[in-house]
Amino acid sequence: MVSGSFDYSLKLWKVDTGKVIKIWTEHTGWVTSVSWSPDGGRVVSGSEDGTFRVWDVESGKTILGPIKAGEEDIDDVRAVCYSPDAKMIATAGLNGLKIWSVNSGDLLKTLEGVYMGLAWTSDGKTLVAGRSKIDTATWTVVDLYQNFYVKSISLSPNYERILVSTSFKTAQLWDLETNQPIGTPLLHQESVNSATFSADGKFLVTSCIDNHIYTWDVSAIIKEAGIPSDIVSIDAFHVR
């Protein structure tokens, strides 16, 4: 596991022992986001210093970057994500959404706006960025929701649903096919920093700024949403 820190470092952890085994220190600002390459051999990191870097996991050395993704006073990179084929990297923040070549570091595409949180579907056809769903063949943007300050995005195991955490003390499930919310917002006492699915898709886990972690039963959310049980497979949270 890899984490980004307020002390400007990345830390590589051994999951079974909970011990830090490597520390990488090249950024000059808070490391806001990290993402593994599909083969697990590299990590891309985004930072408040306005740059992103690609690290070789074995050597711990920067093999691409630092590449400046911000502009003027809107510098910080809030989210980074590899494409499923590992040919592109997406960066997002107050300065827009940018797509970069993994091999050369060249900027390939820019979409104006504010984007917080990134998630790429396994087929590479859809990139969820902040409030928007983007068709990567045409770069057409569809807004999924309004008035949310998105803090994190997580895809369900079957890549058909997203779980969004917001600064408005909620998390919300959305259907990527219909672009509609599933059930009512999951209410918290404070801002929700992050949210994710369990590996089997049966539960949701949210972490809140109140220093608590919460779990949610997907079957209960589906029942409350009024979706008939005979058309729902809870495994991987799939609605047929």
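FYI, it's all coordinate maths here, none of it is from the lab. These numbers were taken from a predicted model, which means no experiment stands behind them. Cβ placement follows ideal geometry from the backbone for every residue including glycine, while neighbour counts extend to all protein chains displayed.
Side notes on the structure shown:
- Rounded Å value of the spacing that divides the Cα centres of the range 28-52 and the range 145-205: 23 Å
- For the range 1-51, the square roots of the Cα gyration tensor eigenvalues, ordered a ≥ b ≥ c, give a/c of at least 1.5 with a/b no greater than b/c, which places it in the oblate category.
- The chain: relative contact order in percent, alpha carbon pairs under 8 Å with at least 6 residues between: 8 percent
- Loop-located trypsin sites (Lys or Arg not before Pro) in the range 42-91 (DSSP state not H, G, I, E or B) with no more than 16 neighbouring Cβ atoms inside 10 Å: 61, 87.
- Sum of -39500 (n - 2.57) over DSSP H runs of 4+, divided by residues of the chain (222 nm, nearest 500): -1000 deg cm²/dmol
- Net dipole in debye of the chain [+1 Lys, Arg Cβ; -1 Asp, Glu Cβ; about Cα centre; nearest 20]: 300 debye
- Cα-based shape type of the range 62-177, given that a ≥ b ≥ c are square roots of the gyration tensor eigenvalues and the cut on a/c is 1.5: oblate
- Summing charges over all other residues whose Cβ lies under 11 Å from the Cβ of residue 107, with Lys and Arg as +1 and Asp and Glu as -1, gives +2.
- Computed from the C-beta positions of residue 3 and residue 141, the FRET efficiency with R₀ = 22 Å rounds to 0.10.
- Positive contributions from Lys and Arg (+1) and negative ones from Asp and Glu (-1), summed over other residues with Cβ under 12 Å from the Cβ of residue 89, come out at +3.
- Going by neighbour counts of Cβ atoms within 10 Å, the residues 212, 27 line up, fewest first, as 212, 27.
- With both labels modelled 7 Å from their Cα along Cα-to-Cβ, the residue 14 to residue 68 distance reads 4.1 nm.
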